[in-house]
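Following: one structure in structure tokens, then a few remarks.
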Amino acid sequence: MSPAPRWLHPLVAGGAVLAILLLGASLGMLVQLPGRGPAQPGAASVDVGFSQDMSVHHRQAVLMAGLARERSSDPVIRSLAFDIERTQLEQVGRMQGWLSLWNAAPLPTGRYMTWMTDAAPMPGMAHGSDPGASDPGAAGVTTMPGMASQADLDRLGAASGKAFDVLFLQLMLRHHQGGLPMASYAATHAETAQVRNLAQKIVVSQTSEGEYLTQLLAQRGARPLPPPT
Amino acid sequence: MPSGKSSKAVRNARSVVAATKPKPWGTVAAVLAVLVFAVGIFGYLYLRYDERRTFTPTAENKDPSAQIEGVVTEDYSHRRGHVSATQRVAYDHFPPFGGPHDATWAACNGVVYDKPVRNENMVHPLEHGAVWITYNPDHVTGDALQALKDRVEGQGYLMLSPYPGLDTPISLQSWGHQLKLSDAKDKRIDQFIQSLRLNEYTYPEVGASCDVLPSAFDPANPPPFVAAPPGPGAVPLDYSSQSGSGPMSGAVPPAAPAPGGAPPPAGGQPAPGAPPAGQ
């Protein structure tokens with residue numbers, strides 16, 4: 001047996017140092033690996049309140065859009081209605097899925113918008129809103145802004161032809177505008193990144209779709225309803 | 001373990017006594033074992049860690065396509081007006097990947113279009129989260145074309161169409177993102193799709209559909225691609241549905257060069273076969 005060669009010691013020492021470095025790096029990655037998701041939002045959170053209330057708000061848009069997709073004779077209106085119906089129903093599915101994962105109720109009980117606790121100045125609110133009228137505070141409201149009343153829905157159900165198209169556009173525009181304060185509040189106040197993102201996407205796309213609805217109304221010689229209060 | 005350590009120490013001491021030149025094979029084996037163990041742990045964790053950095057969008061990594069070489073981006077978030085079936089849009093890229101578009105979207109639920117389709121209809125599905133794959137029909141044929149078709153057919157939020165005059169064999173589009181490629185086997189195709197298809201952080205209309213109303217759009221007979229430049233009456237990129245009184249009035253704002261300092265698209269769509277100047 002020959003004696004250990006001269007280069008063996010540095011090699012062993014190097015190997016030991018490398019092993020220590022690798023284990024250190026592994027430890028570093030291990031610290032970062034576990035999903036660092038935020039704690040589950042509670043029943044009083046913005047995340048839960050927004051998901052519940054916007055589910056209700058969206059479902060009325062889905063209802064009206066489904067009616068227009070079936071009833072309108074104008075392909076532009078039918079296509080728009082189909083788009084709104086599909087998109088908002090898909091978004092309701094997202095929000096209902098979150099609520100299920102959070103062990104939260106799928107729908108709110110009692111008043112709406114109670115989760116908008118510091119909503120005094122509402123950035124992104126449609127201009128022309130008069131302060132106080134739609135300021136829910138923590139007390140909440142019984143009807144969310146932009147929601148069509150039963151009488152509105154009855155009128156829509158009874159209308160036909162161009163009158164139907166115009167009324168649909170008017171109700172949908174007001175509905176879109178009414179959802180903005182809730183969405184913009186959640187876009188900044190929700191604790192979950194995905195909720196903030198969806199709320200922000202709702203703000204942006206309903207704003208630009210609102211412009212399109214306004215344009216379609218103008219083409220039909222009609223005006224928007226007064227902004228929601 | 002103290003007992004192991006001490007027995008090793010004893011052995012080492014004995015070997016020192018037994019031979020003038022120590023043969024530290026025990027130490028070598030121990031270090032080697034630890035090293036193998038460390039490499040194993042590190043390798044396993046690195047792979048898992050690396051997975052997180054791959055191409056699935058997350059709240060922490062909203063746009064994984066930033067890691068893909070060659071992706072061109074534009075911010076079209078406020079250039080999303082709707083135009084009518086007879087209008088043209090002065091797009092700034094070819095194929096376009098954002099900007100005003102037809103109110104009617106092309107079906108994007110895994111549809112393979114055999115003929116080129118009108119730009120204004122194909123941009124709209126990008127707003128809905130789809131990835132649009134285009135190819136130059138003069139350069140992509142046979143097996144390469146079949147590979148693209150296999151990749152798209154029946155897949156959600158994907159569509160494929162030929163694009164005459166395309167300056168590279170293949171180009172991928174999602175809202176605000178484009179990647180031009182030369183090979184149907186390029187691994188960046190999958191990376192692009194994984195990064196951007198239905199990426200809730202990068203497309204505007206989260207939840208929107210790829211299905212179409214049958215009365216609005218027929219995938220078997222879509223509006224055809226128009227090769228001619230859009231001309232001076234085209235809708236500019238910054239057109240919004242609010243500006244002017246809409247398509248019906250004919251009072252369309254005059255065409256303007258693309259905002260944002262981009263070079264003006266010389267006449268819009270390049271003539272087939274003529275590659276556009278610049279990237």
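Of everything listed in (1) closer than 24 Å to A:PHE82 by Cβ; (2) without any contact (Cβ under 8 Å) to a residue 60 or more places away in the chain, the single unmet condition for B:ASN119 is (2).
The single condition from (1) more than 7 Å from every other protein chain (Cβ to nearest Cβ); (2) modelled with pLDDT of 85 or more; (3) surrounded by fewer than 16 Cβ atoms within 10 Å (Cβ to Cβ) that B:THR54 fails is (2).
Being over 15 Å from A:ILE84 (Cα atoms), without any contact (Cβ under 8 Å) to a residue 60 or more places away in the chain, under 24 Å from the mean Cα position of the chain (by Cα) and more than 10 Å from chain B (Cβ to nearest Cβ), is that true of even one residue in the range A:165-181? Yes, that holds for at least one residue. Do we find that B:PRO95 is modelled with pLDDT of 95 or more and out of contact with any Pro (no Cβ under 7 Å at 6 or more places or on another chain) in this structure? Yes; evaluated as a whole, the condition is true for this residue.
The selection criterion, being among the aliphatic types (A, V, I, L, M) and either crowded, with 17+ Cβ neighbours inside 10 Å or farther than 16 Å from B:TYR239 by Cβ (or both), does not hold for B:ALA85. Just to check your reading of the model, which residue among A:SER100, A:SER45, A:SER79, A:SER26 is hydroxyl-bearing (Ser, Thr, Tyr) and over 26 Å from A:ILE202 (Cα atoms)? So the residue among A:SER100, A:SER45, A:SER79, A:SER26 that is hydroxyl-bearing (Ser, Thr, Tyr) and over 26 Å from A:ILE202 (Cα atoms) is A:SER26. Close contacts from the range B:38-49, counting a first residue that is more than 7 Å from chain A (Cβ to nearest Cβ) and a second that is among the charged types (D, E, K, R) and part of a helix (DSSP H, G or I), with Cβ to Cβ under 6 Å and a gap of 6+ residues or different chains, come to none at all. Could you tell me whether B:ARG80 is of a type in the set (Lys, Arg), under 20 Å from B:SER209 (Cα atoms) and surrounded by fewer than 20 Cβ atoms within 10 Å (Cβ to Cβ)? No; evaluated as a whole, the condition is false for this residue. Collect the residues in the range B:20-47 that are exposed (fewer than 12 other Cβ atoms within 10 Å of the Cβ) and at pLDDT below 75, keeping them in residue-number order. Of everything in the range B:20-47, those that are exposed (fewer than 12 other Cβ atoms within 10 Å of the Cβ) and at pLDDT below 75 turn out to be B:THR20, B:LYS21.
Figure legend. Inter-residue proximity from the range B:205-226: first residues touching a residue at least 60 places away in the same chain (Cβ under 8 Å) and within 14 Å of chain A (Cβ to nearest Cβ), second residues among the β-branched types (Val, Ile, Thr) and assigned to a loop (DSSP other than H, G, I, E, B), beta-carbon distance below 7 Å, spacing 6+ or different chains. Indicated pairs: B:ALA216/B:THR104; B:PHE217/B:THR104. If only residues of the range A:188-204 that are surrounded by 18 or more Cβ atoms within 10 Å (Cβ to Cβ) and in contact (Cβ under 8 Å) with a residue 40 or more places away in the chain are counted, the one that is nearest to the other protein chains (Cβ to nearest Cβ) is A:LEU198.
Remark: A:SER72 matches the filter, which requires a residue to be within 11 Å of another protein chain (Cβ to nearest Cβ), touching a residue at least 12 places away in the same chain (Cβ under 8 Å) and within 30 Å of B:ALA106 (Cβ to Cβ). Listed by first and then second residue, the pairs linking a residue in the range B:89-108 that is surrounded by 24 or more Cβ atoms within 10 Å (Cβ to Cβ) to a residue that is basic (Lys, Arg), with Cβ atoms under 6 Å apart and 6 or more places separating them unless they lie on different chains, are B:GLY99/B:ARG79.
The values are calculated or read from the model by the stated rules, or taken from the named source; none is laboratory data. The structure displayed is predicted, hence computed values, not measured ones. Neighbour counts are summed over all protein chains in view; Cβ atoms, including those assigned to glycine, are modelled from backbone coordinates with ideal geometry.
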